């Protein structure tokens with residue numbers, strides 16, 4: 001086991017590569033508060049969603065998921081934003097699986113450097129506050145995190161007052177100590193690869209209305225860059241995951 005796995009990562013988080021898919025974005029990239037940001041959805045939307053991607057950065061699966069959240073429901077529209085909090089420093093396909101010391105060192109270095117949750121979280125908090133200030137027509141905000149982003153969401157919610165609901169899919173570094181800091185309704189969608197005991201311990205510490213739904217036959221990352229959407233079952237569960245998020249936000253925002 002490598003040193004970064006000891007910090008609460010599921011084994012899959014550190015072994016599975018991303019999957020390439022073909023998808024035509026419905027949104028576009030803009031520079032917002034200094035960061036490249038994928039933006040999708042109706043400009044008239046009064047609800048906004050911040051998405052924190054996984055360590056592979058922008059992906060076609062992630063953008064497609066954002067488009068689903070933005071366009072799936074005509075009655076309740078969302079404007080969705082995926083900022084580049086890693087600033088172009090992503091995990092590389094060639095590091096997976098990290099079965100050599102060199103690969104393992106590169107992946108561990110990413111988590112200690114550009115992807116260190118303790119240093120990125122304050123930027124997420126300040127960036128999202130700026131986003132809300134600059135979009136006064138958006139009355140309510142939610143946030144979603146995938147893998148690494150799931151950890152960032154849990155940490156961000158402890159000090160940000162912007163969000164009225166939040167979700168985390170196949171989260172990395174699940175730590176029950178993060179749960180009490182979450183003050184808004186919270187949805188967690190673990191895969192088969194998250195440690196069930198960690199998830200259960202985290203859920204037990206939540207003091208807010210919550211929903212924990214495990215997608216028991218899906219791999220860590222199936223809603224993000226590791227989702228093989230050419231596989232019919234994965235594609236179906238990918239869509240169900242996003243629908244679950246939408247229903248949760250519809251209910252709590």
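Tally the residues that are buried (at least 24 other Cβ atoms within 10 Å of the Cβ) and either in a loop (DSSP other than H, G, I, E, B) or more than 10 Å from the chain's Cα centre (by Cα) (or both), restricting the search to region 144-162. Write out each step before concluding.
Kept after step one, since they are buried (at least 24 other Cβ atoms within 10 Å of the Cβ), are these residues of region 144-162: 144-154, 156-157.
Narrowing further to those that are either in a loop (DSSP other than H, G, I, E, B) or more than 10 Å from the chain's Cα centre (by Cα) (or both): 147, 154, 156-157.
Residues meeting the conditions: 4.
Whether any residue in region 122-130 is part of a loop (DSSP other than H, G, I, E, B), in contact with a strand residue (DSSP E or B) (Cβ under 6 Å, 6 or more places away or on another chain) and in contact (Cβ under 8 Å) with a residue 60 or more places away in the chain is what I want to check. Full working, then the answer.
Just the residues of region 122-130 that are part of a loop (DSSP other than H, G, I, E, B), to begin with: none.
No, every residue in region 122-130 fails to be part of a loop (DSSP other than H, G, I, E, B), in contact with a strand residue (DSSP E or B) (Cβ under 6 Å, 6 or more places away or on another chain) and in contact (Cβ under 8 Å) with a residue 60 or more places away in the chain.
If you go through region 186-202 one residue at a time, do you hit one that is assigned to a loop (DSSP other than H, G, I, E, B), touching a helix residue (DSSP H, G or I) at 6+ places or on another chain (Cβ under 6 Å), within 28 Å of residue 77 (Cα to Cα) and at pLDDT 95 or above?
In the first step, residues of region 186-202 are kept if they are assigned to a loop (DSSP other than H, G, I, E, B); the result is 190, 192-195.
Okay, now just the ones that are also touching a helix residue (DSSP H, G or I) at 6+ places or on another chain (Cβ under 6 Å), so 190, 193.
Now restrict to residues that are within 28 Å of residue 77 (Cα to Cα): 190.
Remaining after also requiring at pLDDT 95 or above: 190.
Taking every residue of region 186-202 in turn, at least one turns out to be assigned to a loop (DSSP other than H, G, I, E, B), touching a helix residue (DSSP H, G or I) at 6+ places or on another chain (Cβ under 6 Å), within 28 Å of residue 77 (Cα to Cα) and at pLDDT 95 or above.
Specify the residue that is nearest to the chain's Cα centre (by Cα); the eligible residues are those in region 225-253 that are over 24 Å from residue 77 (Cβ atoms) and surrounded by 15 or more Cβ atoms within 10 Å (Cβ to Cβ). Spell out how you get there, then give the answer.
At the first step, the residues of region 225-253 found to be over 24 Å from residue 77 (Cβ atoms) are 225-237.
Now restrict to residues that are surrounded by 15 or more Cβ atoms within 10 Å (Cβ to Cβ): 225-229, 234-235, 237.
Values: 225: 11, 226: 13, 227: 13, 228: 17, 229: 18, 234: 18, 235: 18, 237: 16 Å.
Among those residues, the one meeting the criterion is 225.
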Next on the checklist: Need pairs with beta-carbon distance below 6 Å; first residue without any contact (Cβ under 8 Å) to a residue 24 or more places away in the chain and within region 205-234, second in a loop (DSSP other than H, G, I, E, B); sequence gap 6+ or separate chains.
Outcome noted: 234/222; 234/227; 234/228
Item to check | Selection status of residue 136, assigned to a loop (DSSP other than H, G, I, E, B) and under 16 Å from the mean Cα position of the chain (by Cα) | outcome: no
Item to check | region 89-111 - residue that is in contact (Cβ under 8 Å) with a residue 40 or more places away in the chain and exposed (fewer than 15 other Cβ atoms within 10 Å of the Cβ) and, of those, nearest to residue 46 (Cα to Cα) | outcome: 93
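When the residues of region 163-181 are narrowed to those that are without any contact (Cβ under 8 Å) to a residue 40 or more places away in the chain and surrounded by 24 or more Cβ atoms within 10 Å (Cβ to Cβ), which ends up farthest from residue 216 (Cα to Cα)? Even if it seems obvious, please write down each step before you answer.
Of region 163-181, the ones without any contact (Cβ under 8 Å) to a residue 40 or more places away in the chain are 166, 168, 171, 176-181.
Adding the requirement that they be surrounded by 24 or more Cβ atoms within 10 Å (Cβ to Cβ) leaves 166, 168, 171.
Details: 166: 21, 168: 16, 171: 14 Å.
The residue in question is 166.
The values are calculated or read from the model by the stated rules, or taken from the named source; none is laboratory data. Keep in mind that this is a model prediction, so the values were computed, not measured. So basically every Cβ, Gly included, is an ideal-geometry build from the backbone, and we count neighbours across all protein chains shown.
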